[in-house]
Amino acid sequence: MLEFCKGIGVKTLDQVLLEEGGHLFCSVIRTKPCPELYEQPRVSLSCEPYEGSTFQVRLELTTSRISSDTLHAKIAQGGEFAVIAQFIELDGDCLIFAPLIIGFPYMGDTDTGELAWIRYSDHYNLHVEDFDEFSKVKDFELPPSFDDMKQIKESVFKQALGKILSESTTKDWGGETSDFLTSHLHVKGERVAGAFLLKGPAKFSPMTVKHLGKNGDQIVRLSQEPADILIVQHCHDITSAVIQTLKVFATQPYNPRYYCLIDGRESLRILEAYNLKEWAINESKKV
């Protein structure tokens, strides 16, 4: 089924909501508790709302088709599930889907079939120090504040990345799907391609979905890059809504990729580790 979704390019639920189109979705979603699952032959599962959309989402399912007692209990409690679902109808501002497959979003051993003790989406989460090119940050404490990032322009931070990776950088333009695309990253010695979405101090505040274009469409465009890792960097804090959105787009079940979040303090840590902070501050004054 995942190969089918990959073949026809089925969207994530977030993408369906952002683009307001699509009859199928394939993604990891969160549902609210549904205790009536034990009493009714058919129930509606309400999905957690997505910050960038005004639509509500419900999953309509027949309880007798839930074959596992454990899954039955977990759906009743609510939580995170991997789902492939088909659109049925629009009821006011609520999109109603019928799940074709629903299960737990956990990693499994391909040889034994046993579940690993790690959630599917968490497996793909990388941190700055996981990249060989940024390994020097391990010797530096996380700065207590990101205030210095207010002085560093987005374009200058991109140049700093170029210096660290010994790679040239280009000026931004309106049609780009990412701010910086590189094939010169390594994770545990393995070469990978990374696509960066960078946000400077033009709006020096915690990153929300509103920072990412209309309804967060910059995340959608970032996910279209042919990259192994999707990276979002911001000069300030990054809110949970952005983290969840990036996670969903990166870990699409039929095309899972790694993802990384670099907030203001991590950004400053990178610059300090590579002796580029003062250069970046001075260079930003020229821009």
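The values are calculated or read from the model by the stated rules, or taken from the named source; none is laboratory data. No experiment lies behind these values; they were computed from the predicted model shown. Neighbour counts run over all protein chains shown; Cβ positions are idealised from the backbone, glycine included.
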- Message: Quick check on PRO253: is it modelled with pLDDT under 90 and not acidic (Asp, Glu)?
- Response: yes
- Item | the range 257-287 - residue that is assigned to a loop (DSSP other than H, G, I, E, B) and at pLDDT 95 or above and, of those, surrounded by the most Cβ atoms within 10 Å (Cβ to Cβ) | ASP263
- Message: Among the residues of the range 1-40, what is the count of those that are hydrophobic (A, V, I, L, M, F, W, C), touching a residue at least 60 places away in the same chain (Cβ under 8 Å) and loosely packed, with under 14 Cβ neighbours inside 10 Å?
- Response: 1
- Filter the range 233-247 down to residues that are touching a residue at least 40 places away in the same chain (Cβ under 8 Å) and within 18 Å of ARG221 (Cβ to Cβ) and give me whichever is surrounded by the fewest Cβ atoms within 10 Å (Cβ to Cβ). ALA241
- Kindly indicate the residue of the range 162-219 that is assigned to a helix (DSSP H, G or I) and at positive phi and also modelled with the lowest pLDDT among those meeting that condition. ASN215
- Consider LYS158 against the criteria (1) of a type outside the set (A, V, I, L, M, F, W, C); (2) loosely packed, with under 13 Cβ neighbours inside 10 Å; (3) under 14 Å from LEU276 (Cβ atoms): it satisfies all of them except one. Which criterion is unmet? (2)
- strands (runs of 3 or more DSSP E) contained entirely in the range 1-115, each with at least 2 residues that are over 28 Å from ILE243 (Cα atoms): 42-46, 56-62, 79-91
